1. Do the alpha carbons of any pairs in LYS780/LYS832; LYS73/LYS184; LYS188/LYS262 sit beyond 32 Å of each other, and which pairs?
2. Taking one equal scatterer on every alpha-carbon of region 349-400, how large is log10 of I(q)/I(0) by Debye at q = 0.16, 0.18, 0.21, 0.27 1/Å?
3. Give the residue from ASN237, GLY275, VAL189 lying farthest towards the positive end of the charge dipole for region 160-276; charges sit on Cβ (+1 for Lys and Arg, -1 for Asp and Glu) and the dipole is referred to the Cα centre.
4. So who's got an amide H within less than 5 Å of the one on LEU678, skipping anything under 5 residues away but keeping other chains? H placed 1.01 Å off N, in plane.
5. Which cross-chain or sequence-distant (5 or more) residues have an amide H under 5 Å from the amide H of ARG226, H modelled 1.01 Å from N in plane?
6. Give me P(r) over region 716-756, computed from all C-alpha to C-alpha distances, binned every 10 Å, as integer percentages.
7. What share of the DSSP beta bridges in region 206-297 is antiparallel, in percent to the nearest 5?
8. Please list 3J(HN,Hα) in residue order for region 542-553, calculated via the Karplus relation 6.51 cos²θ - 1.76 cosθ + 1.60 where θ = phi - 60°; whole Hz, with x for glycine and proline.
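The values are calculated or read from the model by the stated rules, or taken from the named source; none is laboratory data. In this text, all values refer to a predicted model and were calculated from it rather than measured experimentally. Cβ coordinates were reconstructed from backbone atoms using ideal geometry, including for glycine residues, and neighbour counts include every protein chain displayed. Side chains included, ligands, DNA and RNA excluded: accessible areas come from the protein's heavy atoms. Shrake-Rupley method; radii C 1.70, N 1.55, O 1.52, S 1.80 Å.
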Amino acid sequence: MPHPLGALVGPLTYASGRDFANLGAIKALRPVLEGAVASAAQAGLAAELQGVLKAELPHIDHADSSTRQASVKRLLGVLREAGLLLGNQVSPQPSAKVSPQAMIPPPTAQVQAPSAEPPKRARAVKGKNRATPVAGAAKTPPAADAEAPTRMLSISPRSGPLSTPLGKVGWRVNPRLIGALNKKGVRKVGDVLFLLPRVYEDRRHLRRIAQLTVGERGVFIAEVRRVEETRGRGGRNTFRAVLGDTTGSIAATHFQTGPWLKAKYPVGRRLVVSGDVRQSVYGWEIPHPEVEPADDAEGSSIHFNRVVPVYPGFERYEQRALRELVFKVAEKFADSIEEPLPESLTAKLRLLPLSHALRLIHFPLEGASLDELNLQQSPAHQRLAFDELFFLQLGVALRRRGVKVKTGTAFNVTQEGLKQAEALFPFQLTQAQQRVVGQISRDMARPEPMNRLLQGDVGSGKTAVAVTAAALAVSDGYQVAVMAPTEILAEQHYRTFQALLKPIGAETVLLTGGGKVTERRAQREGLASGHFKVAVGTHALLESGVDFQKLGLVVIDEQHRFGVMQRHALMAKGPRPDVLVMTATPIPRTLAMTLYGDLDVSVIDELPPGRTPIQTRVYVDKARPSAWEIVDAELKAGHQVYVVYPLVEESEKMDLADATKGVATWTERFPTARVGLLHGRMKNAEKEQVMSAFRSHQIDVLVCTTVIEVGVDVPNASVMVIEAAERFGLSQLHQLRGRVGRGAARSYCMLLAGYARSEEAQTRLKVMEDSHDGFVIAEKDLEIRGPGEFLGTRQSGMPELAVANLGRDQALLATAQDEARAIVAADPQLTKPEHQRLVRALEERWEGRLKLADVG
């Protein structure tokens with residue numbers, strides 16, 4: 001029989017993946033946890049275990065991400081103790097402090113002694129019942145788990161004394177520790193020195209047990225008084241170690257037994273214990289605490305009487321040996337680090353020397369603020385964060401400068417040519433479009449290659465701007481490549497470019513992955529001979545054998561869906577072509593500065609005239625009939641409807657309505673409507689047939705997945721219905737909403753949401769109701785999810801940031817960009833003597849990434 005808690009393994013393991021970046025993708029863990037609680041009760045598992053599970057119900061879907069993360073981490077600990085997880089299956093990270101409200105209600109004024117049976121009466125403890133908390137303790141986050149990924153700073157040098165292997169440092173290092181470090185990718189002295197602690201513990205003034213507070217994390221020293229095992233109704237054993245000092249006692253509880261636990265808690269041994277203090281029916285306890293020996297608590301200057309670092313990816317018994325190694329490495333090698341920044345810059349910004357900052361990162365001074373350390377905002381953290389952002393911006397600035405000094409194509413752009421290009425459209429370009437066309441045309445007329453990012457909200461008319469640029473290039477005898485991420489969007493662009501450019505004699509070809517061999521051969525031959533002036537396609541444009549006679553302009557739509565090397569491969573098909581990359585996903589300023597700081601940016605901040613605002617509303621289950629009334633009225637008015645489902649077919653793991661069944665549901669609901677189905681698993685010909693039928697109004701209701709998220713343009717569609725809207729991110733919801741509102745008729749976006757949605761999901765849906773501005777929505781999305789999840793995937797060619805946070809360090813990022821650009825402006829080749837250290841550091845830290853200097 002499956003374990004009663006087995007249903008938790010998959011969702012929680014996934015949620016903890018990628019440094020908890022996946023957590024935002026799972027929006028309703030509470031129902032899964034409720035099912036596990038019910039299964040645990042039915043299976044007769046220990047009451048203590050059931051109590052721990054129930055205690056997490058209010059917090060597993062909490063709006064505060066740090067609270068959710070802490071809850072997931074605690075549940076993972078339970079699963080691990082239950083033997084349901086292997087050591088390398090999860091990668092939980094430390095979370096921020098859990099508020100007292102997130103815990104079991106506080107105890108009575110007396111500290112209760114744990115015992116094997118519920119106490120008849122609480123045993124009083126000598127001294128104060130609840131002392132004033134030690135400064136900083138309330139905000140100390142949990143220490144990192146052993147499975148947490150080891151993160152080294154992206155500024156770690158790779159040569160000099162810091163390249164010394166750990167086995168040759170000049171003193172004996174335990175081979176087992178070296179082996180553990182090697183498995184984490186820590187092999188050299190520099191790796192150790194640049195290994196970032198994920199949490200700090202305040203051991204300057206360790207608490208007594210009577211000073212602990214339920215609902216907060218505590219760090220204290222206690223002696224193991226006794227250990228005991230109890231057997232629950234479900235047959236699951238519970239291990240409990242009673243820990244005590246002169247002020248009281250508390251239990252360390254593990255929902256598993258075994259010889260290793262008895263070895264961890266030898267009776268009579270003094271231990272340093274840290275964990276979340278809770279009240280149970282047996283008294284005070286700490287479930288799954290982290291412990292290490294306290295043999296040298298009075299005399300040690302490394303492990304006690306100071307703020308100590310706790311490193312991710314290592315068991316508690318390994319922390320002491322690792323801490324000692326880091327201490328010795330810092331003492332011997334920190335001064336050998338070359339200061340990379342010019343003295344004038346460190347003095348101007350009052351930055352700590354790099355060697356001093358590294359010492360303080362690992363071993364803070366006596367008066368250091370624990371809150372600043374755990375928030376990574378201490379002066380030492382700020383220095384290292386600045387280094388990360390500065391060298392990133394310096395590389396971007398050099399890349400930007402390198403593009404500008406290279407020779408590309410200087411198109412013959414005239415006012416007459418611009419008028420002819422704009423006359424291709426049956427409408428007048430908006431002022432915003434005309435402004436952007438002016439910026440692009442000036443770039444195209446210059447000899448240096450254009451490298452421009454075009455941002456515009458959904459429906460703002462980016463495609464018209466791209467067609468205008470293509471017309472300028474074609475009129476001057478050059479070819480144009482237009483790459484889109486999906487075949488549906490590529491086919492739509494093909495029809496648009498073909499219709500608008502045909503009057504000037506420009507033949508357009510569509511290149512996708514399908515088609516007959518003879519047809520593809522003819523297309524490629526026509527492109528290589530120059531017969532086709534414009535090639536629109538997907539990744540098929542990147543294939544070998546797709547050659548251009550005279551490629552002058554590259555247009556990449558929804559550029560964030562392509563990797564750096566893919567863009568580079570397309571650009572390499574011509575001699576330094578101009579590049580225009582477009583996105584309908586607004587990028588907050590901080591991310592744009594980091595990812596696209598080498599690009600010139602244009603923004604279309606105006607919608608075409610005649611567009612009516614889209615009415616957006618959230619409908620809970622009981623309000624759905626009013627939504628159907630609007631849909632019925634729109635269908636009777638001759639308009640069309642999109643219905644988006646999150647899944648193609650029913651999933652056994654997630655109880656979501658699926659698009660396949662949705663066709664039958666909508667056919668039954670609106671029997672006179674013609675209902676069609678579209679999803680990504682269909683063959684290309686099938687998808688095009690369905691889209692063609694919808695465009696020609698042979699389909700009234702299109703039931704689909706997010707395959708229509710970008711680019712699909714059917715002006716007669718006036719209603720967007722999104723099932724399980726709480727499952728979608730803000731950016732995706734905004735993109736889907738942009739499929740309607742493209743005509744003069746009033747349009748509607750209906751967000752259908754269930755009752756079991758988290759506060760975070762409610763916040764997203766409220767933002768959608770209140771705002772139609774894509775840039776406002778993007779900023780809010782960044783605020784809710786953070787930069788890593790906002791981007792969705794790692795940006796190739798960019799180093800990862802270990803200290804700096806793009807959402808938090810906006811002012812620091814702006815300063816780093818200003819200083820980097822000033823240096824490159826004054827010394828474009830970095831040849832001045834004071835900049836040679838910058839060159840060496842940049843070469844080491846970017847490790848050849850600057851070779852991608854031509855890639856936008």
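1. Over 32 Å apart, Cα to Cα: LYS780/LYS832; LYS188/LYS262.
2. -0.50, -0.60, -0.73, -1.01
3. VAL189
4. VAL703, CYS704, THR705
5. VAL242
6. Per 10 Å bin, starting at zero, the Cα-Cα P(r) for region 716-756 comes out as 31, 49, 18, 2 percent.
7. 90
8. 7, 5, 5, x, 8, 10, 10, 6, 7, 6, x, 9
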